[in-house]
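Student: Below is a structure I'd like to ask you about.
The values are calculated or read from the model by the stated rules, or taken from the named source; none is laboratory data. Quick caveat: nothing in here was measured; it's all calculated off a predicted structure. Heads up, the Cβs are rebuilt from the backbone with ideal geometry, glycines too, and the neighbour counts pull from every protein chain shown. Only protein heavy atoms, including side chains, enter the accessible area calculation; ligands, DNA and RNA are left aside. Shrake-Rupley method; radii C 1.70, N 1.55, O 1.52, S 1.80 Å.
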Amino acid sequence: QVQLVESGGGLVQAGGSLRLSCAASGSIFSLNTMGWYRQAPGKQRDLIARVTSGGSTNYADSVKGRFTISRDNAKNTVYLQMNSLKPEDTAAYYCNFFPILSENYWGQGTQVTVSS
């Protein structure tokens, strides 16, 4: 059974930084690409960063140069370092596989709020 648990969100001023973590249970973590997604109020959930099992990364234009995704396969954990945060980064942040293997794997997410 796969479970994804996000943490590390909070309230931060514009220009600040946060580091999100996603702890995964289950044996399939290290074999699959992982992604960070975010959903702002009234908007769809979008992929913003992904990392392959070997560590190759890809970013949405909106976060490129400011966010860094990484993973520790020994700890079954994926991270998102977020720097130079902007008010438009305010959203609920989720991790999941990429592509999505099951809608049942979505966790509770972690809220990030950036004040101006």
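Student: Determine whether Asn104 is over 18 Å from Glu6 (Cβ atoms), open to solvent by 20 Å² or more (accessible area, probe 1.4 Å) and not hydroxyl-bearing (Ser, Thr, Tyr).
Tutor: On the way: over 18 Å from Glu6 (Cβ atoms): no; open to solvent by 20 Å² or more (accessible area, probe 1.4 Å): yes; not hydroxyl-bearing (Ser, Thr, Tyr): yes.
Answer is no for this residue.
Student: Sticking with this structure for a sec: With the requirement that a residue be in contact with a Phe, Trp or Tyr (Cβ under 9 Å, 6 or more places away or on another chain) and open to solvent by 60 Å² or more (accessible area, probe 1.4 Å), what does the range 43-57 give you?
Tutor: Result: Arg45, Asp46, Arg50.
Student: Let me ask another. Tally time: how many residues in the range 72-116 are within 17 Å of Gly10 (Cβ to Cβ) and part of a strand (DSSP E or B)?
Tutor: Summing the residues that are within 17 Å of Gly10 (Cβ to Cβ) and part of a strand (DSSP E or B) in the range 72-116 gives 15.
Student: While we're looking at this one, here's another question. Out of Asp72, Asp46, Asp89, Asp61, which single residue is free of Cβ contacts under 8 Å to residues at least 12 places away in the same chain and either under 22 Å from Gln108 (Cβ atoms) or among the basic types (Lys, Arg) (or both)? Spell out how you get there, then give the answer.
Tutor: On the way: Asp46 fails: free of Cβ contacts under 8 Å to residues at least 12 places away in the same chain; Asp89 fails: free of Cβ contacts under 8 Å to residues at least 12 places away in the same chain; Asp61 fails: either under 22 Å from Gln108 (Cβ atoms) or among the basic types (Lys, Arg) (or both).
Step by step, each of Asp72, Asp46, Asp89, Asp61 is checked, and only Asp72 is free of Cβ contacts under 8 Å to residues at least 12 places away in the same chain and either under 22 Å from Gln108 (Cβ atoms) or among the basic types (Lys, Arg) (or both).
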